[in-house]
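Taking it in order: structure first as structure tokens, then the write-up.
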Amino acid sequence: MKNVRLKLVAMLALLVLVVGLSAIKVTFLRSFDIEPNPMDDHCRIGITIDRPMELNVRIEDTKGTVIKNLYYGHVLRGLTLTWDRYDNNGQYTPKGVYRVVVSTNDRYTSTMKTVILK
């Protein structure tokens, strides 16, 4: 009977540990800035990460449509990009609200809004 109780307590402790670990928020960004924001003709996007990894950086409109793929590749510690308001087709992007989306392996994602005024 003691063995059954010990096994049950051990299984419950393991279950609590697994559930607790799965609830931990995973982050990969140390900093993520857009300057200037709001912008007129261009903005600088600065990204600093915790460890080397593959990053995907893109611009989306408010509907989630990808406007511009800015970067995809391996980053050691940080990255500075410039968006000149041109989309993937070479067209100048109109004024409005856009999102800069940073993701790793399409698993962890961070977004920040930017506004084009003119």
Considering residues that are under 15 Å from Gly46 (Cα atoms) and free of Cβ contacts under 8 Å to residues at least 24 places away in the same chain, the number found within segment 59-73 is 2
message = When you scan segment 47-59, do you find a residue that is surrounded by 10 or more Cβ atoms within 10 Å (Cβ to Cβ), modelled with pLDDT of 95 or more, touching a His at 6+ places or on another chain (Cβ under 7 Å) and under 15 Å from Val115 (Cα atoms), even just one?
response = no
Reported set for segment 74-118 where residues are closer than 21 Å to Pro52 by Cβ, free of Cβ contacts under 8 Å to residues at least 24 places away in the same chain and more than 14 Å from the chain's Cα centre (by Cα) is His74
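The values are calculated or read from the model by the stated rules, or taken from the named source; none is laboratory data. If you're wondering where the values come from, they're calculated on a predicted model, not measured in any experiment. Counting neighbours? That spans all protein chains shown, and the Cβs are built from the backbone with ideal geometry, glycine included.
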